[in-house]
Structure formats: structure tokens, C-alpha cells
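Read-outs throughout are calculated quantities, based only on the coordinates presented, and are distinct from any laboratory measurement. Because the structure is predicted, anything quoted here is derived from the model rather than measured. Here the Cβ is made from the backbone with ideal geometry for all residues, glycine too, and neighbour counts use every protein chain on show.
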Amino acid sequence: MADLNGVRDERFAKLGALLCENLDSGEELGASIAVTIDGEPVVDLWGGWADQGHTVPWRRDTITNVWSCTKTVTSLAALLLVERGLLDVDSPVARYWPEFAARGKERVLVRQLLSHTSGVSGWDRPVTVADVLDVPASTARLAAQAPWWPPGTASGYHLLTYGHLVGELIRRIDGRTLGRFVAEEIAGPLDADFHIGLPDSASGRVADVVPPPFRSADLAAAEPGGVAIKTYTGPLGAADESWTPAWRRAEIGAANGHGNARSLARIHSVVACGGTLDGVRLLSPRTIELIFGQQSDGPDLVLGAHVRFGLGYGLPSPAVPYLPPGRICFWTGWGGSVVVIDTERRAVITYVMNNMGTGLLGSDRTSQYVSAAFAALE
């Protein structure tokens, strides 16, 4: 049986058993799962291996690239500026970032950036991953290009551009880069081991992700020249890009956050608990309510699934059948990592792994764990 470490409330015995089963079967290589209620950890489990050679155990302080779960922290950073009266979600982006008005984007609103409806879901080609890692230059390219569909008319998942766009808003208003802002205003005050732009001193704790099988049919089915194919190939990156020092050091607010389930749960307990955690006040209930204002509801031009976006987070929709109805927001990362925030139960469920699974918004393992956690919360 897998050597599972950490703590869990007895109500969550099935959740722990599922993690053990998946570690024993090899479905998981290494993973961590956390659940908080009222900001208190009721599940904090980890186990397995940090490397494919099974030589380095997944430890309490092991972290990994959480892919698009990074977007949840980037969104929270923007909401902090909203809370402070420095960012108005109903203002044009160009109010804060004048260059963004180029080529028909002068009326794009801040809320449209935060809800993936701005029309800027990828870079005009040619573009490489190395180009994207040069954040100032690649951000300027986004400001200069035209939207790929009429802004505000539909969502088109901002796969890699989200952090560049929202991060530049933060930099224009606050003066700090996204990574520094998150470190000093969110992760630091909450004592959460989460990084957008990983310091070299933490690189020895990283569990490299194991890329999922590549299926050419995933791209072959996309409309040639359409928004989806342009987004996925603008740029076309592989999961093992995340193994490089250049990727880890960059501040890619859409995809290169490094952390574990504990740190993601700690950060998002602020939202679940009304904006304050252990005396650290980041948001008011009024600002949190903005998250749940529906911004889009329908087929996403990039994901191809029926998705609902609130402000900065996804909302329950047909694409995520493992989420029950309620005042819930969430997002997933490539391969299966997930952040689920339930403000009615004042609970957060998070899962982070290194063996990437397949699936659009979570893997089969994601569904198993989240479903078991909600069953225990009932």
C-alpha cells in the first residue's frame, strides 16, 4: 500500500482511500490533496514520488507546476486592486494601459479580460514559447494585435495570455510585476508556499510533471484558422517546457505557478471565508460577490465545451459534472489539478499532481477526488 502522509478528518476516509488506490495502481506518481473548512485544514495529504525514477519521495514541501490553477491566484491579485478601489472592472482596459487600445480594443473592458471574453486568447503567429517567456515583449505584442472575435460576445479561453494581460494591468496600476505582487500581497501574508516566478532556491523541491499522451486528433478536430487552433498553436508548447529554469523563473500568470494543494487551499480559503483568514483581510464580501456575476454562458471558442465564467473564475456548468450546484467557483490546470471554492460551505478543495491525466476540465482522478470530498462535506 502507498505510503500516504499528512492528516485527514475521518469524514474524508474515502478521499484518502482513493488517493492510496491511485498511487498503488500507478495512476498517480505523486500528488497532494487538501480540504479546508472555515480556513482550517481537514485534509492535508500527500504521497508517492516526485520523480519518474521513484527515487525522491513526494514530501510535505514538494511543489510542482500547477498550470492553469495559476489563473485563480492571478485573478485574486486583480480582485485585491478592485477591493482597494484602484481597478474598476467596468472601465476600459486602455484607461490603465493606453497601448492596449490599438486595433479595435479601445472598448474592451477589464471584466472582459478577467472572464476570457476580450478576444485576445493567443498571440498572432509566428510565436514561440521562448517569446512568451519574455513577458514585457510578449505583453506588448498582445497590446498591438487585433482581437480574434468581437469582444464580449463569447468566451474564448485565454490559455497563456491571461496572466500577461491581467498582470500588465496590475503592473500599470501598482508598479510591481505580477509575481512580486502575489508574493508580497497574497502568498507572504498568508504564509502560502506558492510562486509565480520560482526562485532558484526552491527549484530543488519541484516535482517535474510527466506529460500526458499527445493526441494529434485533439488539434486535428479544430477548425483550420479558427480561434481554437490559433490559441493552441499560438504558441504550441509541450508540458516538458516546464522542466526548464527559464520557464520556472518567468512570471507566466496563466500557467507557471508552482505550489501544492496546501498552498492553493490556504490562499483560496480567503474567498471561502468572506475575505479574511487568520486576521489577514484581503477582500470584502462585496468584492467576492463580483466573482459570481455570470459573464458568459455557452460554448467556449477555445475549449469547445459549454462553460460559464464569472469574474476571474469558472462557475458550475455542464462541462464540469463533478461540481454540485451552489455558490461555487473553480478552475482546473492542465493534467487535472484543481481549485474548488464553495462559499456556502466555506470550504476549499484542491488537488495537485505530477502525473498529468487527460480531460478537458479535470481528469478522471479530479472527478473522483472532488466528488468524494463533496460527499464528505454533506
Taking R0 as 25 Å and r as the Cβ-Cβ distance between Leu360 and Asp24, the FRET efficiency 1/(1 + (r/R0)^6), rounded to the nearest 0.05, comes to 0.40
Three-way shape call for the range 159-262 based on the alpha-carbon gyration tensor, with the a/c threshold at 1.5:
oblate
Projecting the Cα atoms of Gly197, Leu323, Ser296 onto the charge dipole of the chain, where Lys and Arg contribute +1 and Asp and Glu -1 at Cβ, the residue farthest towards the positive end is Ser296
I'm checking a number: the convex hull volume of the Cα atoms of the chain, normalised per residue, in Å³. What is it?
120 Å³
For the range 204-354, shape from the Cα gyration tensor axes a ≥ b ≥ c, cut at a/c of 1.5 then a/b versus b/c, turns out oblate
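What order, most packed first, do the peptides 335-348, 80-93, 179-192 have when packing is the mean number of other Cβ atoms within 10 Å of each residue?
Highest-to-lowest ranking by the protection proxy: 335-348, 179-192, 80-93.
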Karplus-derived 3J(HN,Hα) from phi for the range 333-350 (6.51 cos²θ - 1.76 cosθ + 1.60, θ = phi - 60°), whole Hz, x at Gly and Pro, runs x, 3, x, x, 4, 8, 10, 10, 10, 10, 7, 6, 8, 6, 10, 10, 10, 9
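Size of the dipole of the chain about the Cα centre, Lys and Arg at +1 and Asp and Glu at -1 on the beta carbon, nothing else charged, in debye to 20?
Computed charge dipole of the chain: roughly 840 debye.
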Gap separating the Cα centres of the range 156-194 and the range 65-138, nearest whole Å
11 Å
Suppose every Lys and Arg Cβ carries +1 and every Asp and Glu Cβ carries -1, with no other charges. What dipole size does the range 38-80 come out with about its Cα centre, to the nearest 20 debye?
180 debye
